[in-house]
Amino acid sequence: MSIKINNILVAKDLSKESSRVIRYALELGCKFHAQVHVLHVMPTVDSSVLNMVALTMGPDNLAKFNAVNEAELAEKTRDQLHAIIQEETELMEEEVIHPPIIEVHHGEPAPMILNVADRLDVEMIILGSHSKGKLHYAFLGSVAEKILRKTHRAVTIVPPQVG
């Protein structure tokens, strides 16, 4: 049996470990001649906070404000990811055959990652770990754990120290 990987999804925030995780995905993509998709999910604002702001600004003004700011933030995020990809590509020994495709979405990270993985029909999902500590993990859970529990795809977790 041979392993065939055509599409890889790397879901990453913009932390300082992003570069390492993206390079890991790019190098794996080179080895398998796979298309790498880089995904960033912008978190949603808590509904109680939105309600409070809507009372002050008015619901219509808040909706307009959110639409403009989300679009601007998504574009800035794409630019940051593009810069990270450019830097990491220059450090690689192998040439990237398929330029990575960047997607930026707004929502809850785990469900969004799973939806994009299904839509793209990826064979592998690559995530970075944060090492935020036991207390944070116990109260907030882990995106990686949610994905591992709900996907039928191969998942690779890249620890912070892997380069």
- Item | Top-ranked residue in the stretch 1-26 [being of a type in the set (D, E, K, R) and farther than 19 Å from R153 by Cβ; ranked as surrounded by the fewest Cβ atoms within 10 Å (Cβ to Cβ)] | K16
- Note on the structure: Within the stretch 100-129, restricting to residues that are over 16 Å from V41 (Cα atoms) and surrounded by 12 or more Cβ atoms within 10 Å (Cβ to Cβ), the one that is farthest from the chain's Cα centre (by Cα) is E123
- Query: In the stretch 138-163, what residues are loosely packed, with under 12 Cβ neighbours inside 10 Å and at pLDDT below 75?
  - Reply: A138, F139, L140, G141, Q161, G163
- Note down all Cβ pairs under 7 Å where the first residue falls in the stretch 56-85 and is closer than 23 Å to R20 by Cβ, the second is assigned to a helix (DSSP H, G or I) and at pLDDT 80 or above, and they're at least six residues apart or on different chains. I84/S19; I84/I22; I85/I22
- Message: Could you go through the stretch 18-34 and let me know if any residue there is among the hydroxyl-bearing types (S, T, Y), over 23 Å from P111 (Cβ atoms) and in contact with a strand residue (DSSP E or B) (Cβ under 6 Å, 6 or more places away or on another chain).
- Response: yes
- Message: Please go through the stretch 100-111 and give me each residue that is out of contact with any helix residue (DSSP H, G or I) (no Cβ under 6 Å at 6 or more places or on another chain) and over 18 Å from E75 (Cα atoms), ordered by number.
- Response: E108, P111
- Query: Of everything in the stretch 105-133 that's closer than 18 Å to L26 by Cβ and not in a helix (DSSP H, G or I), which residue is modelled with the lowest pLDDT?
  - Reply: G128
- Message: Give me the residue from the stretch 45-81 that is closer than 24 Å to A117 by Cβ and surrounded by 13 or more Cβ atoms within 10 Å (Cβ to Cβ) and, out of that set, farthest from the chain's Cα centre (by Cα).
- Response: E70
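The values are calculated or read from the model by the stated rules, or taken from the named source; none is laboratory data. Just so it is clear, the model here is predicted, and its values are computed rather than measured. With ideal geometry, Cβ positions are generated from the backbone for all residues, glycine too; neighbour counts draw on all protein chains shown.
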